[in-house]
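Visitor: What follows is a single structure, and I will ask about it in a moment.
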Number of protein chains: 2
Amino acid sequence: MPDIGDLDRAILRAWQTDARRSLRDLAAEVGVSATTVHDRARALRRRGVVRGTSLDLDLAQLGRGVQALIAVRIRPPSRSSIEGFRDWVSDLPETVGVFVTSGRSDFIVHVAVADNDALYAFVIDRLTARAEIADVETSVIYEHRRVPPRLDP
Amino acid sequence: MPDIGDLDRAILRAWQTDARRSLRDLAAEVGVSATTVHDRARALRRRGVVRGTSLDLDLAQLGRGVQALIAVRIRPPSRSSIEGFRDWVSDLPETVGVFVTSGRSDFIVHVAVADNDALYAFVIDRLTARAEIADVETSVIYEHRRVPPRLDP
DNA sequence: CGTGAAAATTTGCGGAT
DNA sequence: ATCCGCAAATTTTCACG
């Protein structure tokens, strides 16, 4: 588990602000050549440090103005139940994220739906159709901020 | 609030799989010219449908192998308390996401730290230093999946 | 890690439907 | 209002030192 290099960190820090920034731009910011950034970026991808690049979308403008976190408790909390539910819920069209957690609940499911009616329907029609669900608790999201992870040198 | 067009949806659907895909590539997949994709992509950015592009990082490889969701209850839950805490917690180096929610808690804070000791220190040293915190409940994240929002035609 | 050159992409402009 | 072709500017990519 060798620590990641300082140059890689600097590249990621600059790259993180905009996944589409040009290598040339990144190179100028971190003070190396574009080729070096190219090589490092490729290596970071290959090693899986950079898993991919994604779009930050305004879901409200895409017809899904209501988001919620739904805490779910599964019974029994066995591997097969956990993995089965995880895979099933990941593929629902409403789901935008799934956390498998310790504590009061086994899952926190992050969903985005059209409106409150759709949220209610999701919880009482789709979720509770699964026999392994022991308990559900819904929290509406008023605001959600993603914070770019701070990468200190 | 006019609904977004079918072409825009198709572009976003293709673009979403990799924010760095070339316009040419996207154009080939959706069946229009690269210029059109360019124009649409720019318009989507300008309108804020696409807020930005981000890197999907493996935080474990960056020395932050433990993630958690921390439910926080604030007293009083007034606008100034809520916004004050939100802004403060957003800027902590451990924070990678902040949800402002209804329900049992006012916030769900998503953090990534080096190890369990760092998590414990974060909760009992940093968080509870804020006078407005009434209650905290920590859930360790065993697994976290981000799901690209499904954009149906 | 860098240089240099070739290949590919992005981007602005004008024009067609 | 939408979409495309074209060509210049820029960026990515690779062989080599």
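Nothing in this text is a laboratory measurement; each read-out follows from the coordinates by a stated rule. Because the structure is predicted, anything quoted here is derived from the model rather than measured. Backbone-built Cβ (ideal geometry, glycine too); neighbour counts: all protein chains shown.
Visitor: Counting only the backbone N, which residues of the stretch A:42-60 are under 15 Å from the spot 7 Å out from the Cα of residue A:83 toward its beta-carbon?
Guide: none
Visitor: Ignoring everything except DSSP H segments at least 4 long, calculate the 222 nm mean residue ellipticity for chain B; use -39,500 (n - 2.57) per segment, divide by total residues, nearest 500.
Guide: -9500 deg cm²/dmol
Visitor: Now for a different question. Would you mind computing, in nm to one decimal, how far apart the modelled labels at residue B:117 and residue A:39 are, each placed 7 Å from Cα along Cα→Cβ?
Guide: With each label placed 7 Å out from Cα toward Cβ, I get 3.7 nm.
Visitor: Now for a different question. So, by mean Cβ neighbours within 10 angstrom, what's the order for A:84-91, A:110-117 with the highest one leading?
Guide: So the order, starting with the most tightly packed, is A:110-117, A:84-91.
Visitor: Given H placed on each backbone N at 1.01 Å, which residues far from residue B:51 in sequence or on other chains put an amide H within less than 5 Å of it?
Guide: Result for residue B:51 returns A:56, A:57, A:58.
Visitor: Can you pull the mean other chain C-beta count within 10 Å for peptide B:66-74?
Guide: Rounded to a whole number, the mean comes out at 2.
Visitor: Once phi is turned into ³J(HN,Hα) by the Karplus curve 6.51 cos²θ - 1.76 cosθ + 1.60 with θ = phi - 60°, what whole-Hz value does each residue of the stretch A:148-153 show in order, with x for glycine and proline?
Guide: So the Karplus estimates, Gly and Pro as x, are x, x, 6, 10, 6, x Hz.
Visitor: How far apart, in nm, are the 7 Å Cα→Cβ label points at residue B:92 and residue A:75?
Guide: Here the modelled spin labels are 3.4 nm apart.
Visitor: Just how far, in whole angstrom, is the stretch B:1-39 from the stretch B:79-147 if you go by their alpha carbon centroids?
Guide: Distance between centres, Cα-based: 36 Å.
Visitor: Another one. For residue B:29, go 7 angstrom from Cα along the Cα-to-Cβ vector, then report the distances to that same point in the other copies in nm, smallest first.
Guide: Label-point distances to the other copies, shortest first: 2.4 nm.
Visitor: Mind listing the phi-derived Karplus ³J(HN,Hα) values for the stretch A:54-59, rounded to whole Hz, using 6.51, -1.76 and 1.60 with θ = phi - 60°, and x for any glycine or proline?
Guide: In residue order, the calculated couplings are 10, 8, 9, 9, 8, 4 Hz.
Visitor: What list of ³J(HN,Hα) values in whole Hz, one per residue of the stretch B:103-118 in order, does the Karplus curve 6.51 cos²θ - 1.76 cosθ + 1.60 (θ = phi - 60°) give from phi, with Gly and Pro shown as x?
Guide: Working through the residues one at a time gives x, 4, 10, 8, 9, 10, 9, 9, 10, 10, 9, 5, 7, 5, 4, 5 Hz.
Visitor: Once you average over the residues of B:92-103, how many Cβ atoms of partner chains fall within 10 Å of each Cβ?
Guide: Taking the mean over all residues of the peptide, I get 6.
Visitor: Peptide B:13-22: average number of partner chain Cβ atoms within 10 Å per residue?
Guide: On the way: counts 0, 0, 3, 4, 4, 5, 8, 6, 2, 0.
Partner-chain Cβ atoms within 10 Å, mean over residues of B:13-22: 3.
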